[in-house]
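K.L.:
Sharing a structure, written as structure tokens. Questions coming.
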Amino acid sequence: MTVLVFTLVLLIGSYLAGLLGSLTGLGGGVVVIPLLTLVFGVDIRYAIGAALLASIATSSGSASAYVKEGITNVRLGMFLEIATTVGAVFGALLAIYTPTNTIAILFGIILIFSAAMTMRKKNQEALSEGSPLAEKLKLNASYPVGDKLVPYKLRHVGAGFSLMSVAGVISGLLGIGSGALKVLAMDTAMHIPFKVSTTTSNFMIGVTAAASAAVYLQRGYMDPGLAMPVILGVLAGAFTGAKLLTRMNPKVLRIIFCVAIVFVAVQMMYNGFQHKF
């Protein structure tokens, strides 16, 4: 396979990854890393480096729209980024010294967890009573629903902060946005409405990825020839997915995609146990 053919195939594959990731809310990295490792035989650390750069690009592109609409809780996002950024740097450093087969097995486990999280019942209710800490840190806010603003309050800020640290470690270790864990922290632990938790998580993913990407860059795991088509493809796919989402049934898409993700996860774990990475 020539360099040109490889770049074009990778560009198309990354576009589909970004499209599916956007439609299901799991992010493009969930598809890009298995695509690079299982299909193209790329070293998993280089695949993680490319996926992190793609996460920065997609988060920067789509998060700005949600901030403009007033759905994202920017203050909460910046507060929780303290935990995820520290965790991401630690996870990236840990990944350098972790065997690639172990990373592949952990990646498969997180994929299955992410697929399960997309199928669970979402929290849509806004709390009228929150914790004193959330009030003190001014984390309570409101979000638009139609023509009106719905106020909401937060609970269990400490538990959410702790879960964000774990999400950061996983993001740095595996090169994915770990959006499922971030949404779990905000949706389940802190009781934030699902629309706010997903958009705030999307806002945070780019910052978390940037923190761990610096470590991969320093270690030489950023290949421009690999990263360029991945970034362009995932970014284009994410924007297409955002437009198609209003016209398609996301529930059916999630079921189909979750089945595919579980299959990929089993493949990653099998190859990891067989020491094929």
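The values are calculated or read from the model by the stated rules, or taken from the named source; none is laboratory data. Keep in mind it's a predicted model, so treat the numbers as computed, not measured. We place every Cβ from the backbone using ideal geometry, glycine too, and count neighbours over all the protein chains shown. Please note that ligands, DNA and RNA were not included when accessible areas were found on the heavy atoms of the full protein model with its side chains. Shrake-Rupley method; radii C 1.70, N 1.55, O 1.52, S 1.80 Å.
K.L.:
Name the residues in the stretch 147-165 that are of a type outside the set (S, T, N, Q) and either part of a helix (DSSP H, G or I) or open to solvent by less than 40 Å² (accessible area, probe 1.4 Å) (or both), would you?
P.N.:
Those that are of a type outside the set (S, T, N, Q) and either part of a helix (DSSP H, G or I) or open to solvent by less than 40 Å² (accessible area, probe 1.4 Å) (or both): Val150, Tyr152, Leu154, Val157, Gly158, Ala159, Gly160, Phe161, Leu163, Met164.
K.L.:
Could you check Gly168 against (1) part of a helix (DSSP H, G or I); (2) modelled with pLDDT of 80 or more; (3) open to solvent by 10 Å² or more (accessible area, probe 1.4 Å) and say which number it fails?
P.N.:
(3)
K.L.:
Checking the condition part of a helix (DSSP H, G or I), open to solvent by less than 40 Å² (accessible area, probe 1.4 Å) and closer than 14 Å to Ala54 by Cα, which residue from Val234, Val207, Val215 passes?
P.N.:
Answer to the check: Val234.
K.L.:
So in the stretch 256-271, with the set limited to residues that are under 14 Å from Phe113 (Cα atoms) and aromatic (Phe, Trp, Tyr), which one is most open to solvent (accessible area, probe 1.4 Å)?
P.N.:
Of everything passing the filter in the stretch 256-271, Phe263 is most open to solvent (accessible area, probe 1.4 Å).
K.L.:
I would also like to ask the following. Filter the stretch 91-130 for residues that are assigned to a loop (DSSP other than H, G, I, E, B) and at pLDDT 80 or above and give the result.
P.N.:
Thr98, Pro99
K.L.:
Given the conditions (1) surrounded by fewer than 24 Cβ atoms within 10 Å (Cβ to Cβ); (2) out of contact with any strand residue (DSSP E or B) (no Cβ under 8 Å at 6 or more places or on another chain); (3) assigned to a helix (DSSP H, G or I), report the number of the one that Val42 does not fulfil.
P.N.:
Here Val42 clears every test but (3).
Let's see how each residue does on (1) under 30 Å from Gly146 (Cα atoms); (2) small (Gly, Ala, Ser):
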residue	(1), (2)
Gly168	no, yes
Leu181	yes, no
Ala185	yes, yes
Met190	yes, no
Asn202	yes, no
Ala209	no, yes
Ser212	no, yes
Gln218	no, no
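K.L.:
So is Ser178 over 16 Å from Tyr66 (Cβ atoms) and modelled with pLDDT under 80 or not?
P.N.:
Yes, satisfied.
K.L.:
Please enumerate the residues belonging to the stretch 67-90 that are assigned to a helix (DSSP H, G or I) and either surrounded by fewer than 20 Cβ atoms within 10 Å (Cβ to Cβ) or basic (Lys, Arg) (or both).
P.N.:
Val67, Lys68, Glu69, Val74, Arg75, Met78, Phe79, Glu81, Ile82, Val86, Val89, Phe90
K.L.:
Against the condition surrounded by fewer than 24 Cβ atoms within 10 Å (Cβ to Cβ) and either more than 17 Å from the chain's Cα centre (by Cα) or part of a helix (DSSP H, G or I) (or both), how does Ile48 come out, does it pass?
P.N.:
No.
K.L.:
To continue, here is another question. Of the conditions (1) under 17 Å from Ile71 (Cα atoms); (2) modelled with pLDDT of 85 or more; (3) of a type in the set (Asp, Glu), Asp223 clears all except one; give me its number.
P.N.:
Of everything listed in (1) under 17 Å from Ile71 (Cα atoms); (2) modelled with pLDDT of 85 or more; (3) of a type in the set (Asp, Glu), Asp223 misses just condition (1).
K.L.:
Quick test of your reading of the structure: Ser142 fulfils all but one of (1) in contact with a Pro (Cβ under 7 Å, 6 or more places away or on another chain); (2) farther than 15 Å from Leu76 by Cα. Name the failing condition by number.
P.N.:
Looking at each condition in turn, Ser142 falls short on (2).
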